[in-house]
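**Q** Dropping the structure in here first, questions after.
Values quoted throughout were computed directly from the atomic coordinates according to the rules given, and no laboratory measurement underlies them. Nothing here was measured: the structure is a model prediction, and the numbers come from that model. Don't worry about glycine lacking a Cβ; one is built from the backbone with ideal geometry, like all the others, and counts go over all protein chains shown.
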Amino acid sequence: MVTGPPVAANLLEAWEHSRERLDAALELLAGRFVILGQASEGDFFQTDAAALLSAFYSATHQVISSHQNLVAETVGGLDLTELRGPLAGLGTRFVGVRMLTANTELNLRDFSVARIGPRPTDEAEPREVATEVLDLMRRQYRFLRRPGGGPLVSLTAGLDSRITLAAMREMVPETLFFTYEKRYNLADGSDCDMATATELSDHLGLDHKGYTILAADIPRRLKALLRRNTELSHGRAVAASYLRELPADRLHVRSNLYEVARGFYRKKERPQVGPALFAQLISKNADVAPAVVEAFEEMSAVTGILDVPGYDPLDLFYWEFRMGSWFHKVLLESDIAHDTHILFNARVILRLMLSVSARDRVQATVFDHIVDLAWPAVYDLPINGRRRRLPFAAEAHPVSGSQFPL
């Protein structure tokens, strides 16, 4: 896994050899990126493993952009969609503007979409997967530093940030961990995050900064900029706090995408998987508008999400639609402060994580093995108020002061 100038050289060398070699190189590439390549059958365009560097296009006008509103402004005269609430399928706020999802590729000759992943995989044992994934996460270490210092890592009471913490054990001495408490909205659990993160930092000897966001209001000019970046208001006060509270010129390492590998939609029985179920999963109402089902019928036909051998369509739905349709908008908010990196945002890692049994995905068994291999002490404190056991009921790992050296 590489970053910076070596990326282009590595990909160019692979592309000059064959398209298959390029695909293999992209399988290992972590981070947010887009790829534009030339081919005799038409230039092609694709995004990173989870489409966190977003792409939108109009096939009618043959325009592609990082923001749906930029497509609309470039084309001009596009109507707003009549759908209200969560966006459905590949749709956006503008008629005729579509989202390019993860694991698909846009042919720029005719603006057709083709599925390019995930690659086939055989079922594997959790310990085997954890060992390989942990190695892939550690191989990203040397690319997480910036001129301003080591990475910034958000720390909460949840499981995902605990996995990131364990995987980054060797980088703890140069990492600043941080947690915010939203005083204006304690119902979201940020007070629990603060209490747990503070105790965990004391327990493990982490360099940790906690701070309070007093109000949701942000400066008018900044609000206008964020509204221009994305229509979703997910955490604008949080994004503003990054500018105010955290050191600049450092990389923000987030702990998202992990739920892709935890059978999010398989925690209870589901009816037949298809566009109607997809529509129901994003709807808060019992009655789903026919137009929403039609949007997911289009998405299923265009992306082939229901016909990927060896993968549960509900896992792919969470990966490609749920994460792909909203999380890039969260990042567009925080981009004003720092670049963001997610250790799991690599096709090879997500593929490996989905290679274990459905039971092991739902129970997050691989995550427990990662902790057991990397830093068992991070489980010494409860996760969201509950104790979590290591996979082999390992003995307690007492901690005395800082325990990050191996």
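**Q** So, R0 is 30 Å and r is the distance between the beta-carbons of Arg388 and Asp135; what FRET efficiency does that work out to, to 0.05?
**A** Numbers: r = 23 Å, r/R0 = 0.75.
Calculated transfer efficiency: 0.85.
**Q** Given the rule -39500 (n - 2.57) for each run of at least 4 DSSP H residues, summed and divided by the residues of the chain, what is its mean residue ellipticity at 222 nm, to the nearest 500 deg cm²/dmol?
**A** Values: 15 runs with 146 residues, N = 406.
Only helices count here, giving -10500 deg cm²/dmol.
**Q** Something else about it: Compute the FRET efficiency between Leu80 and Gln38 as 1/(1 + (r/R0)^6), taking r as their Cβ-Cβ distance and R0 = 45 Å, and round to the nearest 0.05.
**A** On the way: r = 35 Å, r/R0 = 0.78.
After rounding, the FRET efficiency stands at 0.80.
**Q** Related question: Determine, from the Cβ-Cβ distance of Gln363 and Asn185 and an R0 of 22 Å, the FRET efficiency 1/(1 + (r/R0)^6), rounded to the nearest 0.05. All intermediate terms of the calculation are to be shown ahead of the outcome.
**A** Working: r = 31 Å, r/R0 = 1.41.
Efficiency for this residue pair is about 0.10.
**Q** Between region 45-61 and region 178-195, what is the C-alpha centre distance in whole Å?
**A** Here the two parts' Cα centres lie 34 Å apart.
**Q** For Glu245 and Ala224, calculate 0.36 nm times their separation in residues minus their Cα-Cα distance, and state this gained length in nm to one decimal. Show your work: numbers first, answer last.
**A** Numbers: separation 21, 0.36 × 21 = 7.56 nm, distance 2.06 nm.
Gain on extension, Glu245 to Ala224, equals 5.5 nm.
**Q** I would also like to ask the following. Counting only other residues whose beta carbon sits under 14 Å from that of Ser334, what net charge do I get with K and R as +1, D and E as -1?
**A** Numbers: positive: Arg32, Arg236, Arg244, Arg250, Arg254, Lys329; negative: Glu245, Glu333, Asp335, Asp339.
Local net charge: +2.
**Q** Determine the gain in length on full extension of the stretch Glu27-Thr60; use 0.36 nm per residue of separation and subtract their C-alpha separation, reporting nm with one decimal. Mind showing how you got there, number by number?
**A** Values: separation 33, 0.36 × 33 = 11.88 nm, distance 3.06 nm.
Using 0.36 nm per residue and subtracting the Cα-Cα distance, I get 8.8 nm.
**Q** Output the peptides 123-131, 301-309, 265-273 sorted from most to least packed, where packing is the average of other Cβ atoms within 10 Å over each peptide's residues.
**A** Details: 123-131: 18.2, 301-309: 15.9, 265-273: 10.7.
Ranked from most to least packed, the peptides come out as 123-131, 301-309, 265-273.
**Q** If you take every residue apart from Ala374 with its C-beta less than 12 Å away from the C-beta of Ala374, what net charge results, scoring Lys and Arg +1 and Asp and Glu -1?
**A** Spelling it out: positives minus negatives among the neighbours equals -1.
**Q** In a shell of Cβ-Cβ distance under 12 Å around Gln62, excluding Gln62 itself, what net charge do Lys and Arg (+1) and Asp and Glu (-1) give?
**A** Numbers: positive: Arg109; negative: Asp43, Asp110.
Once all neighbours under 12 Å are counted, the net charge is -1.
**Q** Okay, next question. Relative contact order (percent) for the chain, with alpha-carbon contacts under 8 angstrom and 6 or more residues of separation?
**A** RCO, the chain: 23 percent.
**Q** Grab the chain and count how many Lys pairs have their alpha-carbon atoms under 30 Å apart, sequence gap of 8 or more, or different chains.
**A** The result is 14.
**Q** Oh, and also: Please sort 22-32, 334-344 by packing, taking for each peptide the average over its residues of neighbouring beta carbons within 10 angstrom, highest first. Write down the numbers at each step before the final one.
**A** Details: 22-32: 18.7, 334-344: 20.9.
Final packing ranking: 334-344, 22-32.
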